[in-house]
Amino acid sequence: MTLPDLHTAPRLADIAAQAEVSEATVSRVLNGRAGVAASTRQRVLAALDVLGYERPVRLRRRSAGLVGLVIPELTNPIFPAFAQIIEQSLAGHGYTPVLCTQMPGGATEDELVEQLEERGVTGIVFLSGLHADTRADPTRYARLASRGVPFVLINGYNDRIDAPFVSPDDGAAARMAVRHLAELGHERIGLAVGPARYVPSRRKADGFAAALAESFGLSRGQAERRVQHTLFSVEGGHAAAAALLDEGCTGIICGSDLMALGVVRAARQRGLDVPGDVSVVGFDDSQLIAFTDPPLTTVRQPVQAMATAAVGALIEEIHERTAGRQTPARRTEFVFRPELVVRGSTGPVHGR
């Protein structure tokens, strides 16, 4: 395909075909005339972007302000998935997103927030930040609020922070994974999850223990011996699998899809088949996970709904502050139910 010359005028016929509207409609949009529905106008602008044309100056939207998005990393595909939807949603509200990524040896969350404040951001979205760490000092968020910066926090509820939270139901995720494996005949089920100081890890471990008690009558102490706290990474999953396989687990539930890939690798290094000898369940359902070998059974985090809700909550906070309304402190948590997606990494227990 030949790309258009960005320095030439857009061809009405090409844009009309891409947007599935008439050339007359395209002309009205490009010339800023009235009489075009907002949804149709958006389709024409999207067609300009897809075809590689620059938007005319008169059509370029003025930004309603900068909004920072602070995320831990980009190596785990679930974080870019969140970032993309959050940025799209912010742009739809007229705000310009500013992506801030932490990395080992780089800027800390506090330093990134300071940089965002220096640039006069209108608000901040925190994804899996220090708010999820029970050992971190939550007063940093109180100080941020006192400076008049609205913010919303995703993944990791903290009752010492007065702000809107958006979370998946981590406990329900663990319970549905246990029930799935139990229905396949697995009785020795283990959990590989992140460090215990993180709220999502604790909630998954609590849900896991409750499900083992419900399905097999195990005590809390017995369930805890089936839990391995490690890193949310392929290497972390590999390390946890070693201990859980030594315990004779035939089913392993993981706190992330990356951890699940590490469990699969560890099982194969022992000559075990997945799912013939060991069934593995991930968490997130991040992009391309359906194409792993075997395709990974996982608990899907409702990224679209969570990201959209987070932006909606932030916009509401921004509007309230802009209107000068002093809202009471709130500890609202919007909890979204995940979904079990069954693929090829789980199967009946060996011999059943």
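The values are calculated or read from the model by the stated rules, or taken from the named source; none is laboratory data. It should be emphasised that the depicted structure is a prediction, and the values quoted were computed from it without experimental measurement. Cβ coordinates were reconstructed from backbone atoms using ideal geometry, including for glycine residues, and neighbour counts include every protein chain displayed. What goes into the accessible areas is simple: the full protein's heavy atoms, side chains included, and nothing from ligands, DNA or RNA. Shrake-Rupley method; radii C 1.70, N 1.55, O 1.52, S 1.80 Å.
A few points about this structure:
- Unmet criterion (only one of (1) surrounded by fewer than 11 Cβ atoms within 10 Å (Cβ to Cβ); (2) modelled with pLDDT of 80 or more) for residue 43: (1)
- Where helices (runs of 4 or more DSSP H) fall wholly inside region 51-149, the ranges with 1 or more residues that are of a type outside the set (Gly, Ala, Ser), farther than 28 Å from residue 300 by Cβ and open to solvent by 40 Å² or more (accessible area, probe 1.4 Å) are 109-118, 139-146.
- Residue check for residue 159: in a loop (DSSP other than H, G, I, E, B), open to solvent by 50 Å² or more (accessible area, probe 1.4 Å) and more than 21 Å from residue 84 (Cα to Cα): yes
- Whenever a residue of region 201-221 is part of a helix (DSSP H, G or I), its partners that are open to solvent by less than 70 Å² (accessible area, probe 1.4 Å) and modelled with pLDDT under 95, lying with C-beta atoms within less than 6 angstrom and at least six residues away or across chains, give the pairs 209/223; 212/218; 212/223.
- Check on residue 237, over 25 Å from the mean Cα position of the chain (by Cα) and touching a residue at least 40 places away in the same chain (Cβ under 8 Å): no
- Leading residue by the ranking (surrounded by the fewest Cβ atoms within 10 Å (Cβ to Cβ)) among those in region 206-230 that are closer than 19 Å to residue 254 by Cβ and basic (Lys, Arg): 225
- Filtering region 239-295 to residues that are modelled with pLDDT under 95, farther than 24 Å from residue 77 by Cα and β-branched (Val, Ile, Thr) leaves nothing.
- Cross-chain or 6+ apart pairs with Cβ under 6 Å, region 324-352 first and at negative phi and open to solvent by 60 Å² or more (accessible area, probe 1.4 Å), then at pLDDT 95 or above and among the polar types (S, T, N, Q): 335/167; 342/297
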